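Enquirer: I have a structure here, written as structure tokens, and I will follow up with some questions on it.
The values are calculated or read from the model by the stated rules, or taken from the named source; none is laboratory data. What you are looking at is a predicted structure, and each value in this text was computed from that prediction instead of being measured. Methodologically, a virtual Cβ is constructed for each residue, glycine included, from the backbone with ideal geometry; neighbour enumeration extends over all protein chains shown. Only protein heavy atoms, including side chains, enter the accessible area calculation; ligands, DNA and RNA are left aside. Shrake-Rupley method; radii C 1.70, N 1.55, O 1.52, S 1.80 Å.
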Amino acid sequence: MEQLIRPHELIMVMGVQRSRTTALFHSLATDKTLTVLPEDIDSAFYYQFRLRPVTELAPLIERIGGRILLKPISETFMRSLAEVAKEFRAYPVRFVWIYRDPVNVLHSMQREK
């Protein structure tokens with residue numbers, strides 16, 4: 001049975017730093033039906049690791065079509081998931097949020113120093 005692919009579906013992998021969002025993103029990125037756009041300091045989709053405004057992204061999203069996998073990890077430093085969902089309400093958006101115990105995050109950060 002063929003899977004129905006919704007046009008212009010956005011899948012955003014998000015979570016606090018050190019919660020293994022990159023590992024999950026890379027795992028999901030192996031799906032060949034996705035267009036993969038990892039976080040970046042400056043690209044067509046990102047500026048300083050944050051999503052560009054939907055007014056700038058809409059033409060790109062329309063051109064790409066299909067399902068788009070994003071990792072806007074720094075996005076929730078400045079706004080809530082509800083605000084992101086509201087901005088991108090013209091598109092089906094799925095959030096994959098990873099939670100990690102803050103004690104483990106702190107321990108992980110200390111080991112890295």
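Enquirer: Top mean-square fluctuation among 41, 61, 11, Gaussian network model of the chain, C-alpha springs under 10 Å?
Expert: Top of the fluctuation ranking is 41.
Enquirer: What distance in nm separates the two pseudo spin-label positions at residue 62 and residue 95, each 7 Å out from Cα along the beta-carbon direction?
Expert: So the two model labels end up 2.7 nm from each other.
Enquirer: Starting at 0 and stepping by 10 Å, how many percent of the alpha carbon pairs of the stretch 9-108 end up in each bin?
Expert: Here the calculated profile for the stretch 9-108 is 15, 50, 29, 6, 0.
Enquirer: Moving to a separate point now. Provide the net charge surrounding residue 43, with neighbours chosen by a C-beta distance below 13 Å and charges set as Lys +1, Arg +1, Asp -1, Glu -1.
Expert: Summing Lys/Arg as +1 and Asp/Glu as -1 gives -1.
Enquirer: Under the 0.36 nm per residue contour assumption, what length would be gained going from the current alpha-carbon distance of residue 54 and residue 86 to full extension?
Expert: 10.5 nm
Enquirer: Still on this model: With n ≥ 4 as the cut-off for DSSP H runs, can you work out [θ] at 222 nm for the chain, using -39500 (n - 2.57) per run divided by the number of residues, rounded to the nearest 500?
Expert: After summing the helix terms and dividing by residue count, I get -9500 deg cm²/dmol.
Enquirer: Is the shape of the stretch 24-80 rounded, prolate or oblate, going by the alpha carbon gyration tensor and its root eigenvalues a ≥ b ≥ c, with a/c under 1.5 for rounded and a/b larger than b/c for prolate?
Expert: Here the stretch 24-80 falls in the oblate category.
Enquirer: For a quick check of understanding: with a 1.4 angstrom probe and all protein chains in place, what accessible area in square angstrom does residue 83 have, to the nearest ten?
Expert: That residue has around 100 Å² of solvent-accessible surface.
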